[in-house]
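The values are calculated or read from the model by the stated rules, or taken from the named source; none is laboratory data. Here the structure is a predicted model, which is why all the values come from computation and not from measurement. We place every Cβ from the backbone using ideal geometry, glycine too, and count neighbours over all the protein chains shown. Surface areas here come from the heavy atoms of the whole protein model, side chains and all, with no ligands, DNA or RNA. Shrake-Rupley method; radii C 1.70, N 1.55, O 1.52, S 1.80 Å.
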Amino acid sequence: MIEDLSDAIVIYLKHYPGSNDEEFTVRYGSTDARQRVRALLTETMKLPIDMSGKTLVEIGADVRFAVQERHPELSDAALEKLGNYFTYLVR
């Protein structure tokens, strides 16, 4: 069971776009944790973010705000990682 989704997100995306599977597996070891993080990554990428005329910094801020509205329990560090994840994939 994953106790802190924020920490799991930060660790999972620590070296993104590289992998951090070893550290993640050592810390969480369960497929449940990986599935919850991946589900949140999928949810993040499906957010209806208006990107027209915006910089990547502005888009990242919009993503962080949208995720925070849906998941207020997430830490600032996790929100930052999710914003960076989104902007990396759409750049």
Exercise for the section: Using the structure shown, decide if residue 77 is open to solvent by less than 80 Å² (accessible area, probe 1.4 Å) and out of contact with any helix residue (DSSP H, G or I) (no Cβ under 9 Å at 6 or more places or on another chain). Expected result: no
Handout entry: Check on residue 47, out of contact with any Cys (no Cβ under 7 Å at 6 or more places or on another chain), free of Cβ contacts under 8 Å to residues at least 60 places away in the same chain and part of a helix (DSSP H, G or I)
Key = no
Handout entry: Some residue of the stretch 13-21 being farther than 24 Å from residue 72 by Cα and either of a type in the set (Val, Ile, Thr) or not in a loop (DSSP other than H, G, I, E, B) (or both)
Key = yes
Exercise for the section: With respect to residue 27, determine if the residue is assigned to a helix (DSSP H, G or I), open to solvent by less than 50 Å² (accessible area, probe 1.4 Å), of a type outside the set (Ser, Thr, Tyr) and at pLDDT below 95. Expected result: no
